[in-house]
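Okay, structure first, notes after.
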Amino acid sequence: MNDGLMNFVLIDNPLIKRDVTLLRDKNTQPEQFRAVVKRISSVLSVEIAKDFELDKIEVDTPLEKTDGFKLKQQVVLVPVLRAGLGMVAGFLGLMPYARVGHIGLQRDEETLLPVEYYYKTPRDIEKAEVILLDPMLATGGSGSEAIKFLKKRGAKNIVFACLVASPEGIKKITEDHPDVIIFGAALDRELNSKGYILPGLGDAGDRTFGTL
């Protein structure tokens, strides 16, 4: 991996490759698309949580006391509306106590720059492990702005979770936010002239919610 992609962690797993193929297939219907996004998101949550810190606790089993563990810090999931919503269920399945915030960003189709229209996150975000959820890391403009918004509100520990990333998007996030690690299920070839990922999987929001 070249220096520009050092902050990117590719989840290289046969099951993920199979599921990404289903996402790419234009014939995959919304109900199956949503189910696949949920599965991949669950795997991403496991990979991201490998670096979480734990506190040791004591627990009573039916037979005796033993050592156990609990997460040291709260987890906050922040999907970028609206496509990021499809990833929330997969993360909550393994992080049921996570709180959920939302960031609304839309891309200006002429300038390709992100425009904010909504922001709401839980309090005390500075104490949390914050996971930004956005299926497509394309130009990186929206992702970078979302991270900037989170940092302005005090977030200190942020990771970015996506389904598909472009080299251009990874480099943008890495240049703007070198402290943020990106986790993804696929690294695609490039962006086209309109800023869409190739080969990609189309518009993740439209395909998730059936609004093609």
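Take the range 56-91 and flag every residue that is in a strand (DSSP E or B) and either at pLDDT below 95 or closer than 24 Å to residue 210 by Cα (or both).
Going residue by residue through the range 56-91, those that are in a strand (DSSP E or B) are 56-60, 65-71, 75-81.
The answer is 70, 71, 77, 78, 79, 80, 81.
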Given the conditions (1) within 24 Å of residue 38 (Cα to Cα); (2) among the basic types (Lys, Arg); (3) without any contact (Cβ under 8 Å) to a residue 40 or more places away in the chain, and given that residue 207 satisfies all but one, which numbered condition is not satisfied? (3)
Just give me the residues in the range 180-203 being within 17 Å of residue 108 (Cα to Cα) and not in a loop (DSSP other than H, G, I, E, B), in sequence order. 191, 197
Unmet requirement for residue 157, which otherwise passes all of (1) in contact with an Asp or Glu (Cβ under 6 Å, 6 or more places away or on another chain); (2) surrounded by 21 or more Cβ atoms within 10 Å (Cβ to Cβ): (2)
Out of (1) under 20 Å from residue 170 (Cα atoms); (2) touching a residue at least 24 places away in the same chain (Cβ under 8 Å), what's the single condition that is false for residue 42? (1)
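Scan the range 168-179 residue by residue and report those that are in contact (Cβ under 8 Å) with a residue 40 or more places away in the chain, surrounded by fewer than 18 Cβ atoms within 10 Å (Cβ to Cβ) and in a helix (DSSP H, G or I). I'd like the intermediate steps shown before the answer.
First pass over the range 168-179, keeping only residues in contact (Cβ under 8 Å) with a residue 40 or more places away in the chain: 170-171, 173-174, 178.
Cutting the leftovers down to surrounded by fewer than 18 Cβ atoms within 10 Å (Cβ to Cβ) gives us 171, 178.
Selection gives 171 alone.
Does residue 103 qualify as being of a type in the set (A, V, I, L, M), surrounded by fewer than 20 Cβ atoms within 10 Å (Cβ to Cβ) and in contact (Cβ under 8 Å) with a residue 12 or more places away in the chain?
Numbers: of a type in the set (A, V, I, L, M): yes; surrounded by fewer than 20 Cβ atoms within 10 Å (Cβ to Cβ): no; in contact (Cβ under 8 Å) with a residue 12 or more places away in the chain: yes.
Criteria not met by residue 103.
This table checks each residue for (1) of a type in the set (Ser, Thr, Tyr); (2) in contact with a Pro (Cβ under 7 Å, 6 or more places away or on another chain).
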position: 28; (1), (2): yes, no
position: 36; (1), (2): no, no
position: 40; (1), (2): no, no
position: 48; (1), (2): no, no
position: 51; (1), (2): no, no
position: 75; (1), (2): no, no
position: 94; (1), (2): no, no
position: 99; (1), (2): no, yes
position: 105; (1), (2): no, yes
If you take the residues of the range 193-206 that are modelled with pLDDT of 95 or more and surrounded by fewer than 20 Cβ atoms within 10 Å (Cβ to Cβ), which of them is nearest to residue 151 (Cα to Cα)? 198
Residue 9, sole failed condition from (1) at pLDDT below 95; (2) under 26 Å from residue 168 (Cβ atoms); (3) not in a helix (DSSP H, G or I): (1)
Are any residues in the range 132-145 touching a Pro at 6+ places or on another chain (Cβ under 9 Å) and in contact (Cβ under 8 Å) with a residue 60 or more places away in the chain, and if so, which ones? 133, 142, 143
Single residue of the range 107-128 satisfying the filter (part of a strand (DSSP E or B) and touching a Lys or Arg at 6+ places or on another chain (Cβ under 9 Å)) that is nearest to residue 173 (Cα to Cα): 114
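Name the residues in the range 48-68 that are crowded, with 17+ Cβ neighbours inside 10 Å and of a type in the set (D, E, K, R), would you? So that I can check it myself, show each step before the final result.
At the first step, the residues of the range 48-68 found to be crowded, with 17+ Cβ neighbours inside 10 Å are 48.
Of everything in the range 48-68, nothing turns out to be crowded, with 17+ Cβ neighbours inside 10 Å and of a type in the set (D, E, K, R).
Taking the range 18-27 as the search range and keeping residues that are in contact (Cβ under 8 Å) with a residue 40 or more places away in the chain and surrounded by fewer than 17 Cβ atoms within 10 Å (Cβ to Cβ), which one is nearest to the chain's Cα centre (by Cα)?
Looking only at the range 18-27, we keep the residues that are in contact (Cβ under 8 Å) with a residue 40 or more places away in the chain, and these are 19-20, 23-24, 26.
Checking which are surrounded by fewer than 17 Cβ atoms within 10 Å (Cβ to Cβ) leaves us with 24, 26.
Values: 24: 18, 26: 22 Å.
Top of the filtered list is 24.
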Could you list all residues from the range 123-144 that are at pLDDT below 90 and in contact with a strand residue (DSSP E or B) (Cβ under 6 Å, 6 or more places away or on another chain)? 141, 142
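The values are calculated or read from the model by the stated rules, or taken from the named source; none is laboratory data. No experiment lies behind these values; they were computed from the predicted model shown. Counting neighbours? That spans all protein chains shown, and the Cβs are built from the backbone with ideal geometry, glycine included.
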